[in-house]
Amino acid sequence: MTVRAYAPGRVNLIGEHTDYNDGFALPIALGVGTVAEFDRATAGAVIEVSSAQERGTVLIPLDTTPGGVGGWAAYVAGCVWALRDHGIEVPPGKLRLSSNVPVGAGLSSSAALECAVLLALAPSSDLDRTELARIAQRAENTYVGAPTGLLDQMASLYGDVDTALLLDFRSLSVDPVSMHLGGDVLLAIDSRTPHQHAAGEYRRRREACEAAAAQLGVASLRDAPDDAWEHLADDEIRRRARHVLTENRRVLDAAAALRAADHAALGALMNASQDSMRDDFEITVPAIDLIAATAVELGAHGARMTGGGFGGTVIALAPEDAAQRIADVLPGRVSAAGHPAPTVAAVRPGRGAHILPEV
Ligand code: ADP
Ligand code: MG
């Protein structure tokens, strides 16, 4: 019997680098994702995995441990390891992956892969979705070695049609906020500048946040008052903390704006978030800043980089006519400034990870 599982990529509407600070974020699951098909074998001690996006087949021993499998298959091996480490039995067999999430564009192809693989390998486990998200995060953190927070996996697993998710990373509560685009369009503008140095910079940002919390005498920046950043002596640490504290506030305000269907207010918060990522957290790059500014100039309510930073995708919320203008004019403007021409696609909140019917 073949088990087929699907998990989507995501975009984060607002709330960047807040997850590992026990803060808030407001992502949606996308309508594009990864399918994992698993044929279990009756005997053996390996999973044979292939991907339509990669050449060749990789053998993953069921007793694999971190460091055992490298390259793209490390994401799969990490899931096998993290499931077994959690006490879940993983059978041998053949696993096939295919995906229409662009890889490395900031739409979290990695979480889509992990969540699809976990559901395909353990379809009848009684793990709840938050436990699955944690297992996927452990695979990515400890096996692959990417120190990412829980946002991507929570969005992929809990997302739904016409729904944004207000996530609280302290309580791990998931509060669905209905999101109807009405006459507006949500654009994902891929800068086609893949994240560079992202892992090292990401780690440095985490360290700066930890330093800020330590200097303020709190366990995490979540415990600091909104204006606590003013008391930090070091300019860089102060700006890092200011980003996180103001971003948490913006996420809560954005959820309220969405509930009131006030897209102008949501757009203003997106712009403030973009400025904060550019000036305080310093995780944007010139191509991203130009794309966001141009989208707003062409009539978007708001635009901001989404994802960990240093490249990737800008999301823009725009009235239909402005969205058309952005699709027509923005790529040429950005390439005229010497950057790769971005691709522009309309996205909307889609269904979260699930087992697909048998074919
Ligand atoms: P993002 O999650 O933003 O797309 P990451 O660098 O976190 O970028 O993850 C991308 C990596 O995940 C790829 O380089 C590859 O190793 C792995 N990956 C994602 N999707 C697939 C897939 N369908 N097949 C094989 N590997 C994949
Ligand atoms: Mg990723």
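The values are calculated or read from the model by the stated rules, or taken from the named source; none is laboratory data. What you see is a predicted model, and the numbers here were worked out from it, not measured in a lab. Reconstructed Cβ throughout: ideal geometry from the backbone, glycine too, with neighbour counts over all protein chains shown.
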Out of V76, V46, V11, I need the residue that is more than 16 Å from ligand 1 (Cβ to nearest atom), touching a strand residue (DSSP E or B) at 6+ places or on another chain (Cβ under 6 Å) and not assigned by the TED database to the domain that holds T313. Which one? V46
Pairs please, first residue from segment 140-151 and in contact (Cβ under 8 Å) with a residue 40 or more places away in the chain, second anywhere and in a loop (DSSP other than H, G, I, E, B), Cβ atoms under 6 Å, 6+ apart in sequence or on different chains. E140/A146; E140/T148; T142/P66; Y143/P66
Qualifying positions in segment 184-197 - among the aliphatic types (A, V, I, L, M) and either assigned to a helix (DSSP H, G or I) or within 14 Å of R10 (Cα to Cα) (or both): L186, L187, A188, I189
Would you call V251 within 16 Å of ligand 1 (Cβ to nearest atom), under 19 Å from the mean Cα position of the chain (by Cα) and either part of a helix (DSSP H, G or I) or in the same structural domain as A198 (by the TED database) (or both)? no
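Here is a yes/no grid of residues against (1) of a type in the set (S, T, Y); (2) in contact with a Cys (Cβ under 7 Å, 6 or more places away or on another chain); (3) at pLDDT below 95:
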residue: S335; (1), (2), (3): yes, no, no
residue: P340; (1), (2), (3): no, no, no
residue: G350; (1), (2), (3): no, no, no
residue: V359; (1), (2), (3): no, no, yes
Can we say V177 is of a type in the set (V, I, T) and within 16 Å of ligand 2 (Cβ to nearest atom)? no
Any helices (runs of 4 or more DSSP H) falling wholly within segment 83-183 and containing at least 3 residues that are within 12 Å of the chain's Cα centre (by Cα): 109-121, 151-158
Top-ranked residue of segment 69-102 - restricted to ones that are within 16 Å of ligand 2 (Cβ to nearest atom) and among the polar types (S, T, N, Q), ranked as surrounded by the most Cβ atoms within 10 Å (Cβ to Cβ): S99
Kindly provide the set of residues from segment 265-286 that are crowded, with 22+ Cβ neighbours inside 10 Å and of a type in the set (A, V, I, L, M, F, W, C), ordered by number. L266, L269, M270, M277, F281, I283
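Each row is one residue, and each column tells you yes or no for (1) surrounded by fewer than 18 Cβ atoms within 10 Å (Cβ to Cβ); (2) within 16 Å of ligand 2 (Cβ to nearest atom); (3) modelled with pLDDT of 95 or more; (4) more than 23 Å from G15 (Cβ to Cβ).
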{"position": "A322", "(1), (2), (3), (4)": "no, no, yes, yes"}
{"position": "L330", "(1), (2), (3), (4)": "no, no, yes, yes"}
{"position": "A345", "(1), (2), (3), (4)": "yes, no, yes, no"}
{"position": "I355", "(1), (2), (3), (4)": "yes, no, yes, yes"}
Residues V49, V76: which one is part of a helix (DSSP H, G or I) and closer than 14 Å to A116 by Cβ? V76
Quick one: count up the residues across segment 41-65 that are surrounded by fewer than 20 Cβ atoms within 10 Å (Cβ to Cβ) and aliphatic (A, V, I, L, M). 7
Specify which of the listed residues (F38, F24) is closer than 27 Å to P357 by Cβ, buried (at least 16 other Cβ atoms within 10 Å of the Cβ) and touching a strand residue (DSSP E or B) at 6+ places or on another chain (Cβ under 8 Å). F38
